[in-house]
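Q: Below is one structure. I have some questions about it.
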Amino acid sequence: MSRILPVSQPQGEVATTLSAINTKLGMIPNLYATVAHSSTVLNAYLTFSEALSKGRLTAKQRELIALAIGQANECQYCLSAHTLIAASSGVEKQQIADARKGEASNELDQALLTLAIALVEQRGELTTEQLTSARQSGVDDELTFEVIAQVTANIFTNYSNLVAETDIDFPLVNLKA
């Protein structure tokens, strides 16, 4: 059971935001309903995520990063959610499994995952060699900052779910798989 329960009777701006989420997704994921304890934070996260969707990282690349970061942070909620989202976006089952191991099928995606995982594991302290390697694989400065931003968004949701022990409302994914 959650340590921080989702907002059950949203009021004002939170109610409007959650209603919009329900209209868009056909449900209100427990993550959003839990973060809704702060309308400021919920709206900031949603705005940030929307902005990231307009960058150069493709939807598939953002999902691969979310899977890799969810695995690195052992966030079962995010792994469950992003496994479903990735699959519904056309990411193949093997690509999902590979992303969770930090592996990708092409050089650019591999460089993005390697960079993302290094950012998490090294708390942003990349070596010059790591940055050079990413650049040699096609990750320019613009993509580097998009990966940093995507990792930040994923760390936020991972940590929110870990702290709240959010009840998983997606098909459950095993952390060890």
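Q: Please go through (1) part of a loop (DSSP other than H, G, I, E, B); (2) in contact with a Ser or Thr (Cβ under 6 Å, 6 or more places away or on another chain); (3) free of Cβ contacts under 8 Å to residues at least 40 places away in the same chain for S2 and return the number of the only condition it doesn't satisfy.
A: (3)
Q: Another question, if that's okay. For the list (1) open to solvent by less than 40 Å² (accessible area, probe 1.4 Å); (2) closer than 15 Å to N161 by Cα, I need the number of the one condition that V41 fails.
A: Result: V41 fails condition (1) only.
Q: Would you check if L115 is open to solvent by less than 30 Å² (accessible area, probe 1.4 Å) and without any contact (Cβ under 8 Å) to a residue 60 or more places away in the chain?
A: Against the criterion (open to solvent by less than 30 Å² (accessible area, probe 1.4 Å) and without any contact (Cβ under 8 Å) to a residue 60 or more places away in the chain), L115 qualifies.
Q: Further, regarding this structure: Which of the residues that make up the stretch 1-18 are open to solvent by 70 Å² or more (accessible area, probe 1.4 Å) and farther than 20 Å from S80 by Cα?
A: S8, Q9, Q11, E13, T16
Q: Same structure again: Here are the criteria: (1) outside any loop (DSSP other than H, G, I, E, B); (2) crowded, with 16+ Cβ neighbours inside 10 Å. Tell me which single one V173 does not satisfy.
A: So V173 meets the others, but not (1).
Q: Starting from residues that are more than 13 Å from A72 (Cα to Cα) and of a type outside the set (A, V, I, L, M, F, W, C), keep the ones in the stretch 99-112 and report whichever is least open to solvent (accessible area, probe 1.4 Å).
A: Top of the filtered list is D109.
Q: Taking the residues in the stretch 19-30 that are assigned to a helix (DSSP H, G or I) and out of contact with any helix residue (DSSP H, G or I) (no Cβ under 6 Å at 6 or more places or on another chain) as candidates, determine which candidate is nearest to L84 (Cα to Cα).
A: We begin by selecting, within the stretch 19-30, every residue assigned to a helix (DSSP H, G or I); these are 19-25, 30.
From what is left, the residues that are out of contact with any helix residue (DSSP H, G or I) (no Cβ under 6 Å at 6 or more places or on another chain) are 19-20, 22-25, 30.
Working: S19: 22, A20: 21, N22: 17, T23: 19, K24: 16, L25: 13, N30: 15 Å.
Among those residues, the one meeting the criterion is L25.
Q: Only one of these conditions is not met by S89: (1) over 12 Å from the mean Cα position of the chain (by Cα); (2) touching a residue at least 24 places away in the same chain (Cβ under 8 Å); (3) surrounded by 19 or more Cβ atoms within 10 Å (Cβ to Cβ). Which number is it?
A: Looking at each condition in turn, S89 falls short on (3).
Q: Keeping to the stretch 118-138, report how many residues are β-branched (V, I, T) and either in contact (Cβ under 8 Å) with a residue 24 or more places away in the chain or at positive phi (or both).
A: The total comes to 1.
Q: On to the next question. Which of the residues spanning the stretch 52-81 are under 14 Å from the mean Cα position of the chain (by Cα) and either of a type in the set (S, T, N, Q) or open to solvent by 30 Å² or more (accessible area, probe 1.4 Å) (or both)?
A: In the first step, residues of the stretch 52-81 are kept if they are under 14 Å from the mean Cα position of the chain (by Cα); the result is 52-53, 57-81.
Scanning the stretch 52-81 gives S53, T58, A59, K60, Q61, R62, Q71, A72, N73, E74, Q76, S80.
Q: When both residues are 6+ apart or on different chains and their Cβ atoms are under 8 Å apart, which pairs have a first residue that lies in the stretch 153-169 and is closer than 14 Å to I65 by Cα, and a second that is part of a loop (DSSP other than H, G, I, E, B) and hydrophobic (A, V, I, L, M, F, W, C)?
A: T157/C75; N158/C75
The values are calculated or read from the model by the stated rules, or taken from the named source; none is laboratory data. Owing to the predicted nature of the structure, the values given are computational and were not obtained by experimental measurement. Counting neighbours? That spans all protein chains shown, and the Cβs are built from the backbone with ideal geometry, glycine included. Only protein heavy atoms, including side chains, enter the accessible area calculation; ligands, DNA and RNA are left aside. Shrake-Rupley method; radii C 1.70, N 1.55, O 1.52, S 1.80 Å.
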